[in-house]
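A short write-up of the structure that comes next.
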Amino acid sequence: MERRPGTPSLLRELNDRAALELLLTAGPMTRAQLGEHTGLSKVTASQLLARLEDRGLVEVAGEVAGGRGPNAELYAVVPSSAYVAGLHVDLNLVSAGVADVTGQVVSEVSVDPNGADDPVELVRGAVLTGCAAAGVAPEALRALVIGTPGVLDPRTGDPRLAVNLPAWHEGVLDALRAELGRPVTIENDVNLAAMAERSGGAAIGAEDFVLVWIGVGLGLATVLGGRVHRGVGGAAGEIGYLPVPGVPLPQDVTHPATGAFQSLVGAQAVLPLAASYGFAERTAHAAVAAAVTASQSGDGQADEFLRELAGRVATGVAAISVVLDPGLVVLGGDVGLAGGTELAGRVAAEVGRICPAHPAVVPTGVPGGPVLRGAILAAVDQARAELLASVAAS
């Protein structure tokens, strides 16, 4: 790679980029604070702020009262300098959110797929609805990240196996990019939920942890060294197929519910288990929530149900733990959320009994829309990278 000499213009670019990145990650600062964090003189800090203001990237966002003399002006990134969209696409519901480059969510909507079998039209409609609610032109979007269940091809970014979304297949990503005219990324839904947990949930700042997703389907997100592990073929985390004792192996990979771990703790397995203990709610989430409430009131049947459910979950968590020894296991999805600390504590105790690894097991700390939240975070990261690159290229 050709090296650029340390010219004044290059130094200005580096300083401008460093200051903009600091304002994006740390929030509004005074000129003096910016100088302290970057090591730049007051004169240099003033000059770069003026350049960034001229480009419409930075603005005065307030004042800080000091001692003697006038108040110091607070500088912040202009929120409207970039917008992004995040989507969570599932079988029965599509949720979309629009955020500005600071990460502030300006709209969040839900769209009924209504049997739509064209992914392009489905996404386009959700994006337009979200943008309309935010008062943002679709052309202003710098990035779009879509969370879906299933296996994604790490080479192309296309869905390779999506049991619940058969219309999502090879070629969808290119079609979306062509229709929307914007950068589009498709990401596994549980991986995105793990990003949300690490940003503002139960795994804040954790470098190594796993998120075990328990809902209609099962999934695993593995974060090692602060990065999501996807595997060579993108199938890392498809624990619905995990062989476990006491249940048959799957005979058809397109239908994991026919065997393996999915048939032990997936929603279709939890419902009859709950009913056998007297909790005949319509959903697995409701059944587990009802059992937790009853258990806290001393209901013996509820205790027995939660004990058996925890034992089933622990079977998979133990298998994961003896391979990865993650230190922290987050239980997410509808069942993990409903079970809360009551289920998590029981799982931890059982895992410690049956395997040498002793991870902390905690419930999700992102109660509302973790996949959508993760999609928005990923899109904001992409928009920020593009914004910083544009400063370096100026």
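The values are calculated or read from the model by the stated rules, or taken from the named source; none is laboratory data. Owing to the predicted nature of the structure, the values given are computational and were not obtained by experimental measurement. As a convention, Cβ positions derive from the backbone with ideal geometry for all residues, glycine included, and neighbour counts pool all protein chains shown.
Listed residues Leu176, Leu192; which is in a helix (DSSP H, G or I) and free of Cβ contacts under 8 Å to residues at least 60 places away in the same chain? Being in a helix (DSSP H, G or I) and free of Cβ contacts under 8 Å to residues at least 60 places away in the same chain holds for just one of Leu176, Leu192, which is Leu176. For Arg198, the test of being basic (Lys, Arg) and assigned by TED's automatic domain parsing to the domain that holds Ala96 is failed.
For the residues Ala126, Ala96, the requirement of being in contact (Cβ under 8 Å) with a residue 60 or more places away in the chain, within 18 Å of Arg177 (Cβ to Cβ) and buried (at least 18 other Cβ atoms within 10 Å of the Cβ) singles out Ala96.
Going through the range 6-32 one residue at a time, which ones are of a type in the set (S, T, N, Q), modelled with pLDDT of 90 or more and either surrounded by 12 or more Cβ atoms within 10 Å (Cβ to Cβ) or over 32 Å from the mean Cα position of the chain (by Cα) (or both)? I'd like the intermediate steps shown before the answer.
Pass one, the range 6-32, residues of a type in the set (S, T, N, Q): 7, 9, 15, 25, 30.
Remaining after also requiring modelled with pLDDT of 90 or more: 25, 30.
The one that is of a type in the set (S, T, N, Q), modelled with pLDDT of 90 or more and either surrounded by 12 or more Cβ atoms within 10 Å (Cβ to Cβ) or over 32 Å from the mean Cα position of the chain (by Cα) (or both): Thr30.
Within the range 143-201, the residues that satisfy the criterion of being over 15 Å from Asp118 (Cβ atoms), of a type in the set (Asp, Glu) and touching a helix residue (DSSP H, G or I) at 6+ places or on another chain (Cβ under 8 Å) are Asp158, Glu187, Asp189, Glu197. Candidates are the residues of the range 253-270 that are touching a residue at least 60 places away in the same chain (Cβ under 8 Å) and in a helix (DSSP H, G or I); the one that is farthest from the chain's Cα centre (by Cα) is Val270.
Take Gly374 and decide whether it is under 20 Å from Val89 (Cα atoms), small (Gly, Ala, Ser), surrounded by fewer than 16 Cβ atoms within 10 Å (Cβ to Cβ) and within 26 Å of the chain's Cα centre (by Cα). For Gly374, the condition - under 20 Å from Val89 (Cα atoms), small (Gly, Ala, Ser), surrounded by fewer than 16 Cβ atoms within 10 Å (Cβ to Cβ) and within 26 Å of the chain's Cα centre (by Cα) - is not met.
Out of the range 330-343, which residues are under 21 Å from the mean Cα position of the chain (by Cα) and buried (at least 19 other Cβ atoms within 10 Å of the Cβ)? Selection gives Val330, Leu331, Gly332, Gly333, Asp334, Val335, Gly336, Leu337, Ala338, Gly339. Residue-level check: of (1) assigned to a helix (DSSP H, G or I); (2) on the phi > 0 side of the Ramachandran plot, Ser295 misses just (2).
Does at least one position in the range 33-46 carry a residue that is free of Cβ contacts under 8 Å to residues at least 24 places away in the same chain and aliphatic (A, V, I, L, M)?
yes
Please go through the range 271-289 and give me each residue that is surrounded by 16 or more Cβ atoms within 10 Å (Cβ to Cβ), part of a helix (DSSP H, G or I) and more than 25 Å from the chain's Cα centre (by Cα), ordered by number. Leu271, Leu273, Ala274, Ala287, listed by residue number. Evaluation of Gly327 against the conditions (1) out of contact with any Leu (no Cβ under 7 Å at 6 or more places or on another chain); (2) buried (at least 19 other Cβ atoms within 10 Å of the Cβ); (3) under 23 Å from Ile354 (Cβ atoms) shows that the sole unmet condition is (2). Contact annotation: residue pairs with Cβ atoms under 7 Å, 6 or more positions apart or on different chains, pairing a residue in the range 342-371 that is free of Cβ contacts under 8 Å to residues at least 40 places away in the same chain with a partner that is surrounded by 16 or more Cβ atoms within 10 Å (Cβ to Cβ) and among the polar types (S, T, N, Q), are Val351/Ser321; Cys355/Ser321; Ala357/Ser321.
For the range 217-241, which residues satisfy the criterion of being surrounded by 19 or more Cβ atoms within 10 Å (Cβ to Cβ) and assigned to a loop (DSSP other than H, G, I, E, B)?
Taking the range 217-241 first, the residues surrounded by 19 or more Cβ atoms within 10 Å (Cβ to Cβ) are 217-223, 228, 234, 237-240.
Gly217, Gly234, Gly237, Glu238 - these are the residues of the range 217-241 that are surrounded by 19 or more Cβ atoms within 10 Å (Cβ to Cβ) and assigned to a loop (DSSP other than H, G, I, E, B).
Is one or more of the residues making up the range 147-161 under 26 Å from Arg312 (Cβ atoms), part of a helix (DSSP H, G or I) and touching a strand residue (DSSP E or B) at 6+ places or on another chain (Cβ under 6 Å)? Within the range 147-161, not a single residue is under 26 Å from Arg312 (Cβ atoms), part of a helix (DSSP H, G or I) and touching a strand residue (DSSP E or B) at 6+ places or on another chain (Cβ under 6 Å).
Output yes when any residue across the range 84-91 is closer than 25 Å to Gly135 by Cβ, surrounded by fewer than 16 Cβ atoms within 10 Å (Cβ to Cβ) and either in the same structural domain as Ala143 (by TED's automatic domain parsing) or among the β-branched types (Val, Ile, Thr) (or both), and no when none is. The answer is no, given that none of the residues of the range 84-91 is closer than 25 Å to Gly135 by Cβ, surrounded by fewer than 16 Cβ atoms within 10 Å (Cβ to Cβ) and either in the same structural domain as Ala143 (by TED's automatic domain parsing) or among the β-branched types (Val, Ile, Thr) (or both). When Gly86 is tested against (1) more than 22 Å from Leu176 (Cβ to Cβ); (2) at pLDDT 90 or above; (3) in a strand (DSSP E or B); (4) not acidic (Asp, Glu), just one condition goes unmet, and that condition is (1).
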